[in-house]
Amino acid sequence: MTYSNKVLDHYENPRNAGSFSQDEEGVATGMVGAPACGDVMKLQIKVGKNGVIEDARFKTYGCGSAIASSSLVTEWVKGKTLDEALTIKNAQIAEELALPPVKIHCSVLAEDAIRAAVDDYRKKHGEK
Amino acid sequence: MLKLPIYLDYSATTPVDPAVAQAMIPWLTEHFGNPASRSHAFGWEAEAAVEKAREQVAALVGADPREIIWTSGATESDNLAIKGAAHFHQEKGRHLITVKTEHKAVLDTVRELEREGFEATYLDVQKNGLINLDVFRAALRPDTTVVSVMLANNEIGVIQPIEEIGAICREKGIVFHVDAAQATGKVDINLAKLPVDLMSFSAHKTYGPKGIGALYVRRKPRARIEAQIHGGGHERGLRSGTLPTHQIVGMGEAFRLARETMADELPRIRALRDHLLAGISSIDAITVNGDMAHRIPHNLNVSFAYVEGESLMMAIKDIAVSSGSACTSASLEPSYVLRALGLDDELAHSSIRFTLGRFTTLDEVNHAVDVLRRGVGKLRDLSPLWEMAQAGIDLNTVQWAAH
């Protein structure tokens, strides 16, 4: 498997790796994937009072492309409202990281992780 | 100064020992004769070299030189032995027994015979990779003609109870074939005593060149096989084709060296392997695959839980090893050998085979330990599974979002 330089960069220097405490104000968590499928992504967002995502964290069990996809979305969701974050599509992630066809599912999973985190936030805060 | 990447994949292949390469060269340039040429000195000297090599190979395994047939490698030897014996005895019976953890050269050969109408039993192994003799006995049928069991496993290095299996086969008049490609120079083999009828060898796993191997065919009691390659009637009609003198000389020299150096080399390699295991034992949640007592000293196969196989290979790219994962091999399935031990797919994918050899140094092993500690540590810091496991969550109880 040969990786693009961008994948390698995210793999070597993951952005925003780690976890927020679940109890922290404004934190929501999305966990997608399954160990048996070879990838599990956990994406956390921290939403400010103004509804803007102030910060994000990820942890990923998966191949280099899965790690890079989740690292990338933590950068992309920052500064966006929840609705704006939901406009991030897997095709953009795949294009940015130059993912080969067999690794497209990693970008799909990253998009799913954003949706799961946003859903979690809305559920916690009684939004629809 | 360490040269990177560090080669810890000696079970894939070994470098040709410099002494072996030296011995081979004259047989390519100066002494190029065809060993089958009976009418001049070019042929005679080549034939003498081939016969000397035959003695050297026979000496390592306690055989008579007349029991050694040259082939292109262990894959061909396995094909010749299993197809040759199954075809020869097909009037007597058409049932074969082998093991799920055998090399593909054996498994695919047996599969091919199944397509021809033979029946086959593929034995399960125990969790430690070894055959249970009771399971083996229960699989025997009146029409069983050939049993094939490897001596040392290529992935997990375990040594099967060949002597016991052979004794049972001998008692029942069943042909017993053993793939010993991963065993020469690593285990004492004495065919004068072992109840084995056919045994496959390879040169390139024992510091010889690729493209040459041998099949041992017992004389007393005589093992009968049918040739698979026909032509000039070389090798007593069992394997036609002009003999590659330089390759044969290389295999002979490699096996001579193995015989001479084994006593010193095995304890040294075992100490390095144990040092490697001790070094990575400080990493949490690892499992060693395969029995440690019945095992060649060169092999260590370890699973690293909570890290994914492909990223693990990325993290340890400074060491050349084999993985139980699909991503580094042509197939999409995780290792069938590890799965036969009962490992689930995830653990099989995050497994690594380390195989050490003649030129492995302590510095290399120490560096490999560092690389592994750092790599596994980094990936676990990134792993949500590790985080959950540390928090005491049983991952089997988690409802995963399917995708």
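Search region A:41-91 for residues being under 30 Å from B:VAL376 (Cα atoms) and acidic (Asp, Glu), and hand back the single one that is surrounded by the most Cβ atoms within 10 Å (Cβ to Cβ). Checked region A:41-91; the qualifying residue surrounded by the most Cβ atoms within 10 Å (Cβ to Cβ) is A:ASP55. Taking the criterion of being surrounded by 24 or more Cβ atoms within 10 Å (Cβ to Cβ) and either more than 13 Å from the chain's Cα centre (by Cα) or farther than 24 Å from B:ILE225 by Cα (or both), the residues of region B:137-153 that qualify are B:VAL146, B:VAL147, B:SER148, B:ASN153.
Here's a check for you: in region B:277-301, which residue that is crowded, with 23+ Cβ neighbours inside 10 Å and of a type in the set (A, V, I, L, M, F, W, C) is nearest to the other protein chains (Cβ to nearest Cβ)? Quick ask: steps written out before the conclusion?
Within region B:277-301, the subset crowded, with 23+ Cβ neighbours inside 10 Å is B:289-290, B:295-296, B:298-301.
Cutting the leftovers down to of a type in the set (A, V, I, L, M, F, W, C) gives us B:296, B:300.
On the way: B:ILE296: 30, B:LEU300: 24 Å.
Filtering region B:277-301 for residues that are crowded, with 23+ Cβ neighbours inside 10 Å and of a type in the set (A, V, I, L, M, F, W, C), the one nearest to the other protein chains (Cβ to nearest Cβ) comes out as B:LEU300.
Against the numbered list (1) small (Gly, Ala, Ser); (2) without any contact (Cβ under 8 Å) to a residue 60 or more places away in the chain; (3) in contact with a His (Cβ under 9 Å, 6 or more places away or on another chain), A:GLY64 comes up short only at (2). Restricting region B:158-188 to residues that are out of contact with any strand residue (DSSP E or B) (no Cβ under 8 Å at 6 or more places or on another chain) and part of a loop (DSSP other than H, G, I, E, B) leaves a set whose member that is surrounded by the most Cβ atoms within 10 Å (Cβ to Cβ) is B:GLY185.
Applying the selection to region A:98-112, what residues are within 10 Å of chain B (Cβ to nearest Cβ) and modelled with pLDDT of 95 or more? Scanning region A:98-112 gives A:VAL108, A:LEU109, A:ASP112. Apart from one condition, A:VAL118 fits all of (1) farther than 19 Å from A:ASP39 by Cβ; (2) of a type in the set (A, V, I, L, M, F, W, C); (3) at pLDDT below 95; the exception is (3).
Return the residue satisfying two criteria in turn: it lies in region B:111-146 and is outside any helix (DSSP H, G or I) and among the acidic types (Asp, Glu), and of such residues it is farthest from B:VAL158 (Cα to Cα).
My answer is B:GLU116.
Residues in region B:305-325 that are within 12 Å of chain A (Cβ to nearest Cβ), on the phi < 0 side of the Ramachandran plot and outside any helix (DSSP H, G or I): B:ALA305, B:VAL307, B:GLU308, B:LYS317, B:SER323, B:SER325.
Within region B:254-289, being polar (S, T, N, Q) and within 30 Å of B:ALA53 (Cα to Cα) holds for one residue alone: B:THR261. A Cβ distance below 9 Å, combined with a sequence gap of six or more or placement on separate chains, defines the contacts here; from region B:332-351, residues that are more than 13 Å from chain A (Cβ to nearest Cβ) reach residues that are among the aliphatic types (A, V, I, L, M) and part of a loop (DSSP other than H, G, I, E, B) in the pairs B:SER335/B:LEU343; B:VAL337/B:VAL125; B:VAL337/B:ILE156; B:LEU338/B:ILE156; B:ALA340/B:VAL125; B:LEU341/B:VAL125; B:LEU341/B:ILE156; B:SER351/B:LEU343. Give the residue that is nearest to A:LYS59 (Cα to Cα), with candidates limited to residues of region A:1-18 that are surrounded by 17 or more Cβ atoms within 10 Å (Cβ to Cβ) and at the interface with another protein chain (Cβ under 10 Å from one of its Cβ atoms). Only one residue fits best here, namely A:ALA17.
The values are calculated or read from the model by the stated rules, or taken from the named source; none is laboratory data. All figures in this text were calculated on a predicted structure; none of them were measured in a lab. FYI the Cβ positions are ideal-geometry reconstructions off the backbone, even for glycines, and counts take in every protein chain you see.
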